[in-house]
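For reference, the structure discussed in these notes is given below.
Nothing in this text is a laboratory measurement; each read-out follows from the coordinates by a stated rule. Not measured: the values here are computed from a predicted model. No Cβ is skipped: glycine too gets one built from the backbone with ideal geometry, and neighbour counts run over all protein chains shown.
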Amino acid sequence: MAAAKATSGADNGDSSCRDTGGGAGGEANSVANCAAGGRVYSLDDLDTVATVGTGTFGRVFLVKDKKAKGYFALKAMKIPEVIRLKQEQHVHNEKAVLTEVNHPFLIRLFWTHHDERFLYMLMEYIAGGELFSYLRNRGRFNNSTGLFYSAEIVCAIEYLHSKEIVYRDLKPENILLDSEGHIKLTDFGFAKKLSDRTWTLCGTPEYLAPEVIQSKGHGRAVDWWALGVLIFEMLSGYPPFFDDNPFGIYQKILAGKLDFPRHLDFHVKDLIKKFLVIDRARRLGNMKNGAEDVKKHRWFKSIDWDAVPQRKLKPPIIPKVSHEGDTSNFDVYPEDEWTKEAPVPPKDLEIFKNF
């Protein structure tokens, strides 16, 4: 599943497309079907090269554009499975969010489409692979490596929150590295535009904030909690709360007891503690100064925050990428008979008419 998460998010970076309407609702088809340079794509324009990820109800393919010769990631989702798993709203949320955002650390969406069997999202292909793979291979990151990724993630979260979007799925599998080593957040299936709070239980057990587990209604504070978990995992090699089953994990999260490995820097331990505060009103990032409080924390004192979104910080890991369509940083998946899917009845297709 890792690589499916990998290339499956997106962000529409073409402002001329975004300005044609729809906005946060994302339902204006002209917005979604408008791509860089105003081009409308079709499946006939795309040659499938390889599968770079698989998921519960979808696959992500590396595809080559026959006309422009460039590469994209095409996320294809089985409509019957989306309906069976009650993911219709998440799919619409994902498109709406990605149609609205435009940021160097968020993946880009170029085009959406559906036929009688599948929903399609055409996104930029990020060839460096998942941060998860690099973390797994190294065991853990040193302090400066963790600091680099954390700074770029803080900027991505700050941007999403400025648009009242909560991401809700921060974890190493959903952070891609581009060919230069900078991050791209991907998989916006759980992302949502929030006016107040939401009650949906979604996310990955180890990364869930207490208020999600307790069904108290949650908001943007969950992303800062998840960042605390992520920083702990990057620097330790394992998450702060883990168990053999989700219920055990939830108990540990609600107990809130942290056992830090000895090698962790004093300032980063303080930062993690301030993110992993059960009371979200006192959680760093969720108080009145928002992300500014995070940026001013002592652990980040060496960071030039103006340089971060300009991608001027020097990446600690440069992925080995031989060419634009290189798939060597993703797992290999069997190319099975995945497309043999029965057409969906018209009443079910109606749900996705604006997709």
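Summarising the amide proton neighbourhood of Gly128: residues at separation of 5 or more, or on other chains, whose placed amide H is nearer than 5 Å comprise Leu177, Ser179. Springs join every pair of Cα atoms under 10 Å in this Gaussian network model of the chain, and among Lys257, Lys340, Lys95 the largest mean-square fluctuation is at Lys340. Remark on Ala50: its backbone amide H falls under 5 Å from those of Leu62, a criterion applied only to residues 5 or more positions apart or on other chains, H modelled at 1.01 Å from N. When the trypsin sites (Lys or Arg not before Pro) in segment 116-151 are filtered for DSSP coil states and for at most 13 other beta-carbon atoms within 10 Å of their beta-carbon, no site remains.
Segment Arg138..Asp348, full-extension length gain: 71.0 nm, with 0.36 nm per residue of separation and the alpha-carbon distance subtracted. Taking amide H as placed 1.01 Å from N in the peptide plane, the amide H of Phe260 sits under 5 Å from none that are at least 5 places away or on another chain.
Based on the Cα coordinates of the chain, what is the per residue volume of their convex hull in Å³?
140
Coupling constants for segment 170-177 follow from the phi torsions by the Karplus curve (6.51 cos²θ - 1.76 cosθ + 1.60, θ = phi - 60°), and in residue order they are 6, 5, x, 5, 9, 10, 9, 10 Hz; glycine and proline get x. Evaluating 6.51 cos²θ - 1.76 cosθ + 1.60 at θ = phi - 60° for every residue in segment 307-323, the Karplus couplings come out as 7, 4, x, 7, 6, 8, 6, 7, x, x, 10, 10, x, 7, 10, 7, 7 Hz, glycine and proline recorded as x.
Using DSSP H assignments, which helices in the chain have an axial alpha-carbon span of 18 Å or above and a mean Kyte-Doolittle hydropathy of 0.0 or higher?
For the chain, where a helix must reach 18 Å along its axis and average at least 0.0, the hits are 143-162, 221-236.
Here is the list for segment 219-269: chymotrypsin sites (Phe, Trp or Tyr not before Pro) lying in DSSP coil, each with at most 15 other C-beta atoms within 10 angstrom of its C-beta, are Phe242. If R0 is 30 Å, the Cβ-Cβ spacing of Phe260 and Ile83 corresponds to a FRET efficiency of close to 0.10. Measuring between alpha carbons in the structure, the pairs from Lys95/Lys257; Lys64/Lys192; Lys78/Lys314; Lys66/Lys353; Lys66/Lys340; Lys192/Lys269 lying more than 32 angstrom apart are Lys95/Lys257; Lys78/Lys314. Per residue, the chain reaches -8500 deg cm²/dmol at 222 nm when only DSSP H runs of four or more residues are counted, each adding -39500 (n - 2.57).
Positive-end ranking of Tyr71, Leu208, Ala191 along the dipole of the chain, with charges on Cβ about the Cα centre, is headed by Leu208.
How about segment 284-355: which GluC sites (Glu not before Pro) there lie in a loop by DSSP and see at most 16 other Cβ atoms within 10 Å?
Answer by residue number: Glu324, Glu335, Glu337, Glu341.
Taking Leu74, Leu194, Leu235 as the candidate residues, the one with maximal mean-square fluctuation in a Gaussian network model of the chain, Cα springs under 10 Å, is Leu194. Were the residues from Lys163 through Glu116 laid out at 0.36 nm apart, the gain over their Cα-Cα distance would be 13.6 nm. Across segment 244-261, the residues whose backbone nitrogen lies under 20 Å from the label position 7 Å along the beta-carbon direction of Asp279 are 253-258. Among Arg168, Arg39, Arg262, the residue with the largest mean-square fluctuation in a Gaussian network model of the chain, with springs joining Cα atoms closer than 10 Å, is Arg262. The convex hull drawn around the Cα atoms of segment 131-300, when projected onto a plane and averaged over every direction, covers 9.4 nm².
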